[in-house]
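Heads up: the structure comes next, in structure tokens.
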Amino acid sequence: MKSAVSLKGTQEGYQLIIQSSASLQDVYEELETLTLQMKKDSHTGRKINFHVKTGQRELTDAEKEKVSAIVEDEYFKVSSFESEVLSLEKCLQWHKEASPTLEVRTVRSGQIVEAEGDMLLIGVVHPGGMVRATGSIYIIGELKGIAHAGVYGKESAVVVANFRYNAQVRIGDNVHVIEKKDQLTDEDSDTTEFVYVNDLHIIEVSSLENLKTIRPEIGKHAGGIYNG
Amino acid sequence: MGKAIVITSGKGGVGKTTSTANIGTALALQGKKVCLVDMDIGLRNLDVILGLENRIIYDIIDVVEGRAKLHQALIKDKRFNDQLFLLPAAQHADKNAINEIQMVDMVEELKKDFEYILIDCPAGIEQGFKNSIAAADDAILVTTPEISAIRDADRIIGLIEQTAIEAPQLVINRIRKGMMEAGDVMDVEEITRHLSIKLLGIIFEDDEVVRASNKGNPVVLDPNHPSSQGYRNIARRILGDTVPLMTMKEEKVSIWKKIFGFGK
């Protein structure tokens, strides 16, 4: 029979691997004997940290505490737990953060449209209307009101829009007022640009071809919570 | 110590906001330090007429709820050198988001820095009106020669008389000379007598008012219009000057003058 708990030494330190197919009762028992054995063998008096891998099983907080209680003493310490399972909640959270919110609507005066993560708005933000996102904001249509990206202070957020009209852009705590002339010329008709916060914490407007250079991380989702 | 003047009417659409913007601008042109306060929370317009809409960062509700300091919410009108400021209303709140006590405190603080504080009152007699009245020392009542506007104005005077504010002064707006001369509407004297308050000024109907407001430039900036002159006169009267009322008589232009450019 494959044992419920095995010990592995790596360059980073010691790992306790708990088989996900074993019952918890067996795990606790084996853990106890294993720890006892280790404590007998260990005479160095050094402090040792254990990294616990639980495979296809997510331990509850109470179970984690119990494991720690069995292993830990003066010299032994459980430094971290790792499983290959993601809770649904975390999944959804990650999905929410990684995928832009799509809004197709007109944002009228006095309305506030909010999104967690990035927002893609297809429509018009009227004067007095506001779009707010914790990430970046991309607008296909017209911005005549306020676009507030990086609401909670994410200064790497950008606002991409066709800045043809009087409007206001905010990124984090920075505010930029966009003033356009009354008469639009042909040149103004194609002015999709982006607004970002530069190294000096000053808002700047730049043309789209620089977006990839200035914010290379945009549009490149590395995927996964641990990479994200 | 400054003076707070509320601009009110009761009825909507008679030109409160336009009058606030223009009288405020006229006072600033006279070298006074002026702050305009938009109390029409939820349906703000004063910022639009002044052309300052896209500069709003904080509003009056942000100040009341402590998200911003008062001086942070004030927007400077760049056309004047530190003379004209706007405290904008919130667009996504309603008139109950602020009460009389908060309003009084705020205006008291503004009075320390400004010579004139003009409060643009919302239409109606609900909380927004009460807030606007609570903080004011003086009142300007705007009406048009229409009977419905005059009726509402009468009601407002009654309400203001119950407060500590002195009787309001009257501005008759959007006067159409032809109609008044023909007797289709009450004339200036009749309206003033009917409401029995002091007349502060009259403004003639003028397309330029709408044209200028749409561009975000109060009409008073351009002195070549009759409406502009009317607002400038009002500002001077507020400052204590004696200015004669503008003449009602339409200058009769003879057909010969039209054709040849001379003659009577």
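Do we find a residue being surrounded by 23 or more Cβ atoms within 10 Å (Cβ to Cβ), within 13 Å of another protein chain (Cβ to nearest Cβ) and either among the basic types (Lys, Arg) or without any contact (Cβ under 8 Å) to a residue 24 or more places away in the chain (or both) anywhere in segment B:77-95? Checked segment B:77-95: no residue is surrounded by 23 or more Cβ atoms within 10 Å (Cβ to Cβ), within 13 Å of another protein chain (Cβ to nearest Cβ) and either among the basic types (Lys, Arg) or without any contact (Cβ under 8 Å) to a residue 24 or more places away in the chain (or both). Hey, could you check segment B:16-49 for residues that are under 21 Å from B:Thr144 (Cβ atoms) and of a type in the set (Gly, Ala, Ser) and say which is nearest to the chain's Cα centre (by Cα)? Among residues in segment B:16-49 that are under 21 Å from B:Thr144 (Cβ atoms) and of a type in the set (Gly, Ala, Ser), the one nearest to the chain's Cα centre (by Cα) is B:Ser19. Kindly indicate whether any position in segment B:219-234 is out of contact with any strand residue (DSSP E or B) (no Cβ under 9 Å at 6 or more places or on another chain), modelled with pLDDT of 90 or more and basic (Lys, Arg). Checked segment B:219-234: at least one residue is out of contact with any strand residue (DSSP E or B) (no Cβ under 9 Å at 6 or more places or on another chain), modelled with pLDDT of 90 or more and basic (Lys, Arg).
Criterion first (farther than 30 Å from A:Gly141 by Cα and either modelled with pLDDT of 85 or more or exposed (fewer than 11 other Cβ atoms within 10 Å of the Cβ) (or both)) does A:Glu32 satisfy it? Here the answer is yes, as A:Glu32 does meet what is asked. Among the residues making up segment A:143-163, those that are more than 22 Å from the chain's Cα centre (by Cα) and within 13 Å of chain B (Cβ to nearest Cβ) are A:Leu143, A:Lys144, A:Gly145, A:Ile146, A:Phe163.
Residues of segment B:196-214 that are closer than 21 Å to B:Leu118 by Cβ and in contact (Cβ under 8 Å) with a residue 24 or more places away in the chain: B:Ile197, B:Lys198, B:Leu199, B:Leu200, B:Gly201, B:Ile202, B:Ile203, B:Val209, B:Ser213.
For segment A:160-178, residues that are of a type in the set (D, E, K, R) and either at pLDDT 95 or above or assigned to a strand (DSSP E or B) (or both) total 1. Checked against the criterion of being assigned to a loop (DSSP other than H, G, I, E, B), out of contact with any Cys (no Cβ under 9 Å at 6 or more places or on another chain) and within 14 Å of another protein chain (Cβ to nearest Cβ), segment B:13-24 has no qualifying residue. Scanning segment B:42-64 for residues that are within 10 Å of chain A (Cβ to nearest Cβ) and of a type in the set (Asp, Glu) yields B:Asp47, B:Glu53.
Looking only at segment A:180-201, residues that are exposed (fewer than 10 other Cβ atoms within 10 Å of the Cβ) and either more than 14 Å from every other protein chain (Cβ to nearest Cβ) or at pLDDT 95 or above (or both) come to 7 in all. Pick from segment A:123-142 the residues that are outside any loop (DSSP other than H, G, I, E, B) and not hydrophobic (A, V, I, L, M, F, W, C): which of them is nearest to the other protein chains (Cβ to nearest Cβ)? If we take residues in segment A:123-142 being outside any loop (DSSP other than H, G, I, E, B) and not hydrophobic (A, V, I, L, M, F, W, C), then A:Arg132 is nearest to the other protein chains (Cβ to nearest Cβ).
The values are calculated or read from the model by the stated rules, or taken from the named source; none is laboratory data. The shown structure was predicted, so the numbers you read here are calculated from the model rather than taken from an experiment. Positions of Cβ are generated from backbone atoms using ideal geometry, with glycine treated the same way; all protein chains shown enter the neighbour counts.
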